[in-house]
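Only one structure is covered here, and it is reproduced in the block below.
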DNA sequence: CCTTATGCCTGAATGC
DNA sequence: TGCATTCAGGCATAAG
């Protein structure tokens, strides 16, 4: 499931191919993939525009087009962007095909949770989906103090709070569990109960792991691939995610698996307090 | 404001 | 073997 490091990797691999290319044709194969537009006006509005830049905000991809329109895309769990330099028949779950001057860009999503939005570029930062997002964890303005302020009003379990994009943008189930393990803090702790020292440790773990995830081109635990169809390698570095019942690499005791707010959570009772 | 529940989806894995 | 059930889970939305 694409979290911040995976979306960033998709962004980077897309940039290798689609910058300055013109979108010559658009085909929406499943209307549900486009939010807020009927498919005909969407296709007409996007067609003929050049791609100027590709940005990321949290788990959102922002594809800025000539003429002050931007495509916002969220991959949710199984969404993918694939670039092909020759014509390719769409797969079963390919919902959008963008024909570019130099190839094709396919948006494919088995589970159909992912969405593409078209908004005026000037309204991107004001768009409800983006403006509610918390700080970018890899930017300099994300500090332990900011993290503490974001968690201060929350009495819910820390893990739940970390998955809330209003607290920090870009964490999902994998990097949340990994960050908590690295920081040695239990996912069950009340979000507002962390000491200054613990906030620093958590802040450091979040940044270190997200950066390591990017450096490894993401985590391909199941479905994730970059825009070239390549897997990442960070799944090899995972300490707790997907390892419920197995032994902790640090202390050797079995890892606890439980459900927290509907999400599977894995942690070490001995190493995380 | 905060918190919790529900719906959206398909394919792989599991149970009988 | 085949059928039914469970699980994976990010986010919008509604209700408390």
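The values are calculated or read from the model by the stated rules, or taken from the named source; none is laboratory data. All of these numbers come straight from a predicted model, not from anything done at the bench. All Cβ positions, glycine included, derive from the backbone under ideal geometry; neighbour counts span all protein chains shown.
Key figures
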{"read-out": "Residue check, residue A:172 within 13 Å of DNA strand B (Cβ to nearest atom) and under 13 Å from the mean Cα position of the chain (by Cα)", "value": "no"}
{"read-out": "Residue count, the stretch A:50-74 (criterion: within 16 Å of DNA strand C (Cβ to nearest atom) and either in a loop (DSSP other than H, G, I, E, B) or outside the structural domain of residue A:34 (by TED's automatic domain parsing) (or both))", "value": "2"}
{"read-out": "Those helices (runs of 4 or more DSSP H) lying entirely in the stretch A:118-164 with at least 1 residues within 13 Å of DNA strand B (Cβ to nearest atom) and surrounded by fewer than 17 Cβ atoms within 10 Å (Cβ to Cβ)", "value": "A:128-131, A:144-152"}
{"read-out": "Residue satisfying all of: in the stretch A:103-115; within 13 Å of DNA strand C (Cβ to nearest atom) and closer than 27 Å to residue A:50 by Cβ; surrounded by the fewest Cβ atoms within 10 Å (Cβ to Cβ) among these", "value": "A:115"}
{"read-out": "Test set (1) more than 28 Å from residue A:220 (Cα to Cα); (2) within 15 Å of DNA strand B (Cβ to nearest atom); (3) touching a residue at least 12 places away in the same chain (Cβ under 8 Å) - residue A:42 fails condition number", "value": "(2)"}
{"read-out": "Where a residue in the stretch A:75-89 is on the phi > 0 side of the Ramachandran plot and in a loop (DSSP other than H, G, I, E, B) and its partner, wherever it lies, is buried (at least 16 other Cβ atoms within 10 Å of the Cβ) and at pLDDT 95 or above, with Cβ under 7 Å and at least six apart", "value": "A:76/A:114"}
